[in-house]
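Below is one structure, written out as structure tokens, with a few remarks after it.
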Amino acid sequence: MTGLAILVPSSIVREAEDKREATRKLGYVARAAAVFGADRLRVFPDREGETRWGEEFVTTVLSYAATPPYLRQELWEQRSELQYAGIIPPLRASSRTSADPDGPVEQTGIVTEVGSEGRVRVNCGLQHPISLLVPPSMATPKEGERVTVRISSREPVRARLVDEAPPGFDVDRADLSEALAAASGLRIATSRHGAELSVPWLAELLPQTRAGLTVAFGSPGRGLPDMLGVSPEAIADANGDPVEPDPGFDLWLNTIPRQANEVVRTEEAIFASLACLTLTE
């Protein structure tokens with residue numbers, strides 16, 4: 001699989017009783033993204049479904065959760081949305097290390113300034129941001145962009161940019177149709193009204209995920225059919241195929257076909273769905 005994107009609505013914490021509970025829920029969404037190696041977590045607007053905590057809150061908490069701990073103090077000021085950030089579970093996105101315990105380590109850096117002569121300043125958890133040369137194979141990153149820094153020594157500092165995707169995932173906002181149009185590979189809508197995922201069908205789907213996988217989820221009490229104005233009957237009759245109005249999905253799937261309770265929470269649905277859809281052949 002070349003990339004995994006998770007799409008969640010801005011109404012994802014609509015049932016949370018308080019800010020602490022809303023933060024906890026988003027922490028587990030971020031945790032799921034880290035566990036399954038997502039490279040993008042996108043928040044799409046669902047204004048009608050939002051309650052007290054909407055798109056700004058959701059995006060801020062998820063972005064904070066995705067920030068490596070060694071960068072949080074530098075990048076995040078005190079904000080009301082982060083009042084309960086301390087309860088967010090650690091993501092522990094793996095840094096890439098060499099076989100030699102004293103060898104180089106690759107970890108995430110954030111570009112703080114784009115300079116001249118092909119150099120950028122990067123905050124990568126060292127004592128101060130460092131100036132690094134952009135390698136010829138790599139496009140010049142923008143300010144605020146995540147990059148991969150290979151650190152071979154901390155004292156004295158020896159580090160360089162490498163043209164590889166950084167550990168962890170990005171968080172951003174996009175309309176659902178925009179996010180699906182930009183996605184590569186298989187684009188799946190999850191719903192209890194979709195076609196039931198089975199072992200034979202999963203075997204057919206897995207080769208299609210090699211080019212990438214994008215999976216969209218609804219919110220408690222307000223699934224994707226409600227958000228898109230699609231009737232459950234139309235989805236059931238389509239047997240997995242797209243339905244109108246169609247923002248760009250390839251499939252509508254019920255990834256928990258033996259659901260035994262009325263509502264599956266979004267964070268539960270993410271873990272259950274991706275555990276199946278990220279299996280290897």
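A few comments on the model shown:
- When we screen 207, 156 for residues that are of a type outside the set (Gly, Ala, Ser), exposed (fewer than 12 other Cβ atoms within 10 Å of the Cβ) and under 30 Å from residue 112 (Cα atoms), the only hit is 156.
Yes/no matrix, rows are residues, columns are (1) free of Cβ contacts under 8 Å to residues at least 40 places away in the same chain; (2) closer than 22 Å to residue 227 by Cα; (3) surrounded by fewer than 17 Cβ atoms within 10 Å (Cβ to Cβ):
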| residue | (1), (2), (3) |
| --- | --- |
| 28 | no, no, no |
| 31 | no, no, no |
| 62 | no, yes, no |
| 89 | no, no, yes |
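- Every listed requirement among (1) open to solvent by less than 50 Å² (accessible area, probe 1.4 Å); (2) touching a Phe, Trp or Tyr at 6+ places or on another chain (Cβ under 8 Å) is met by residue 173 save one, (1).
- For residue 165: the one exception among (1) crowded, with 20+ Cβ neighbours inside 10 Å; (2) of a type in the set (Gly, Ala, Ser); (3) at negative phi: (1)
- Flag: residue 113 does not match the condition of being outside any strand (DSSP E or B), charged (D, E, K, R) and either within 30 Å of residue 246 (Cβ to Cβ) or at pLDDT 90 or above (or both).
- Residue, modelled with the lowest pLDDT, within segment 122-153, restricted to residues that are more than 22 Å from residue 39 (Cβ to Cβ) and open to solvent by 90 Å² or more (accessible area, probe 1.4 Å): 127
- Counting only strands (runs of 3 or more DSSP E) that sit wholly inside segment 156-211, those with at least 3 residues that are closer than 21 Å to residue 270 by Cβ are 170-173, 186-196.
- From the list 279, 205, 213, the lone residue that is touching a strand residue (DSSP E or B) at 6+ places or on another chain (Cβ under 9 Å) and at pLDDT below 95 is 205.
- Residue satisfying all of: in segment 210-237; free of Cβ contacts under 8 Å to residues at least 60 places away in the same chain and of a type outside the set (A, V, I, L, M); least open to solvent (accessible area, probe 1.4 Å) among these: 225
- Extreme residue, most open to solvent (accessible area, probe 1.4 Å), among residues of segment 1-26 that are in a loop (DSSP other than H, G, I, E, B) and closer than 19 Å to residue 264 by Cα: 17
- Count of segment 151-177 residues which are touching a residue at least 40 places away in the same chain (Cβ under 8 Å) and under 11 Å from residue 132 (Cα atoms): 2
- Subset of segment 267-281 [open to solvent by 10 Å² or more (accessible area, probe 1.4 Å) and not in a loop (DSSP other than H, G, I, E, B)]: 267, 268, 269, 271, 272, 275, 276
- Residue check for residue 153: among the hydroxyl-bearing types (Ser, Thr, Tyr) and not in a strand (DSSP E or B): no
- Output for segment 246-266, where each listed residue is open to solvent by 20 Å² or more (accessible area, probe 1.4 Å), among the aliphatic types (A, V, I, L, M) and closer than 13 Å to residue 223 by Cβ: 256, 263, 264
- Residue within segment 79-86 that is under 17 Å from the mean Cα position of the chain (by Cα) and surrounded by fewer than 17 Cβ atoms within 10 Å (Cβ to Cβ) present: no
The values are calculated or read from the model by the stated rules, or taken from the named source; none is laboratory data. The structure displayed is predicted, hence computed values, not measured ones. When we count neighbours, we look across all protein chains shown, and the Cβ atoms used for this are built from the backbone with ideal geometry, even at glycine. Areas reflect the complete protein model, heavy atoms only, side chains present, ligands, DNA and RNA absent. Shrake-Rupley method; radii C 1.70, N 1.55, O 1.52, S 1.80 Å.
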